[in-house]
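Derivation of every value follows stated rules applied to the coordinates shown; laboratory data play no part. Predicted, not measured: the structure shown is a model, and the values here were computed from it. In this analysis, Cβ positions are derived from the backbone assuming ideal geometry, glycine residues included, and neighbour counts consider all displayed protein chains.
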Amino acid sequence: MSITDKNIAAIREDYSKFALDERDVLPNPIAQFQRWFDEALKAEVLEPNAMVLSTISDDGYPSSRVVLLKDIKPSGFSFFTNYHSKKGQSMLQRKQVSLLFFWPELQRQVRIEGWVEKLPAEDSDEYFASRPRGSRLGALASPQSQVIADRSVLEARLQEVEASYNGQEEIPRPAFWGGYQVSPMHIEFWQGRSSRLHDRIAYVFQEGVWQCQRLAP
């Protein structure tokens, strides 16, 4: 079978901005991620905290979507969502997830594989209270991932929620919404290089210690 769209097949970019050497990376991958994240901020990457979260559904199919990183701790990477959403239900059944960051301005990506757990309620409360009022109302109004007839259903629900709080600034976090933390077991840093000979440095958590190794591109 031949390639049907040769215009797509011909799209390519030769990467030559930076290099990545195992002698230059930090011994802890989360610290190394923080270094790269800070560089992405400095480079004014568009939404540097946007990441692809991949989960495994109960029927064994992988599912991916873009969510936003909201915290980096020595123990892992945090984000927030609706517990009743498709991803929330998938994470309830299977704790194995992956995260992917892609920063094209720096010709870099980071892949993270690990285990996900809910954050403590107080962490979710703190973050929910910091969100804009409209985002808090939206979280209350949306039955995330459920089938609805059309957008008017969502807009009507939002009006109901707005009326119930009647301009109040304090809006409590709903029990069905909160945070997760991904505790990594494998983190790979990818730096684009010329002629597709990319640099790949992987960290694997084994017996309580991070092992660092170079991978062929």
Could I have the simple spin-label model distance between Val209 and Val66, label points 7 Å from Cα toward Cβ, reported in nm to one decimal?
-> 4.0 nm
For the chain, go through all pairs of different Cα atoms, get the mean of 1/r, take its inverse, and jot down that Kirkwood value in Å.
-> 19.7 Å
Provide the FRET efficiency to the nearest 0.05 for the Arg94-Lys6 pair, computing r from the beta carbons and using R0 = 45 Å.
-> 0.70
Pairing the Cα long axis of helix 151-165 with the longest principal axis of the chain, what angle in degrees results, from 0 to 90 and rounded to the nearest 10?
-> 60 degrees
For segment 113-160 (alpha-carbon point model, no solvent) the Debye-based log₁₀ I(q)/I(0) at q = 0.14, 0.23, 0.26, 0.30 Å⁻¹ works out to -0.51, -0.89, -0.96, -1.07
Pick out which of Pro27, Pro184, Pro132 has the largest mean-square fluctuation in a Gaussian network model of the chain, springs linking Cα atoms closer than 10 Å.
-> Pro132
Taking amide H positions as placed 1.01 Å from N in the peptide plane, with prolines and chain starts having none, which residues 5 or more places from Met185, or on another chain, fall under 5 Å of its amide H?
-> Glu113, Gly114, Trp115
Tail fraction, Cα-Cα pairs, segment 80-174, threshold 19 Å, whole percent | 58 percent
Considering the chain as a Gaussian network with a 10 Å cut-off on Cα pairs, which listed residue, Asn28, Asn166, Asn82, attains the greatest mean-square fluctuation?
-> Asn166
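Test of the criteria: in segment 129-200, which GluC sites (Glu not before Pro) are in a DSSP loop and have at most 11 other Cβ atoms within 10 angstrom of their Cβ? Intermediate values should be presented prior to the final figure.
Working: sites: Glu155, Glu160, Glu162, Glu169, Glu170, Glu188; in loops: Glu169, Glu170.
In loop regions of segment 129-200 (DSSP not H, G, I, E or B), the sparsely surrounded GluC sites (Glu not before Pro) are Glu169, Glu170.
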May I ask you to list the residues of segment 66-92 whose amide nitrogen lies under 11 Å from a point 7 Å from Cα along the Cα→beta-carbon direction of Gln146?
-> 84-85
Ranked from highest to lowest mean number of other Cβ atoms within 10 Å per residue, what is the order of the peptides 101-108, 6-13?
-> 101-108, 6-13
With the chain treated as a Gaussian network of Cα nodes joined by springs under 10 Å, which of Lys42, Lys87, Lys118 yields the largest mean-square fluctuation?
-> Lys42
Report the charge-dipole magnitude of the chain in Debye, nearest 20, computed about the Cα centre from +1 at each Lys and Arg Cβ and -1 at each Asp and Glu Cβ.
-> 480 debye
Residue-averaged [θ]222 nm for the chain, counting only DSSP H segments that reach four residues, each worth -39500 (n - 2.57) | -8000 deg cm²/dmol
Across segment 70-75, in residue order, what do the Karplus-derived ³J(HN,Hα) couplings come to in whole Hz, using 6.51 cos²θ - 1.76 cosθ + 1.60 with θ = phi - 60° and x for Gly and Pro?
-> 10, 6, 10, 10, x, 8
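Could you work out the local net charge near Arg65, counting Lys and Arg as +1, Asp and Glu as -1, over the other residues with Cβ closer than 13 Å to its Cβ? Display every interim value, and only then the final one.
Values: positive: Lys86, Lys87; negative: none.
It works out to a net charge of +2.
Find how much the distance from Glu160 to Ala31 grows on full extension, using 0.36 nm per residue of separation minus their present alpha carbon separation; answer in nm with one decimal.
Values: separation 129, 0.36 × 129 = 46.44 nm, distance 4.47 nm.
Residue separation times 0.36 nm, minus the Cα-Cα distance, leaves 42.0 nm.
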Take the Cα atoms of segment 13-141, build their convex hull, and give its volume per residue in Å³.
-> 147 Å³
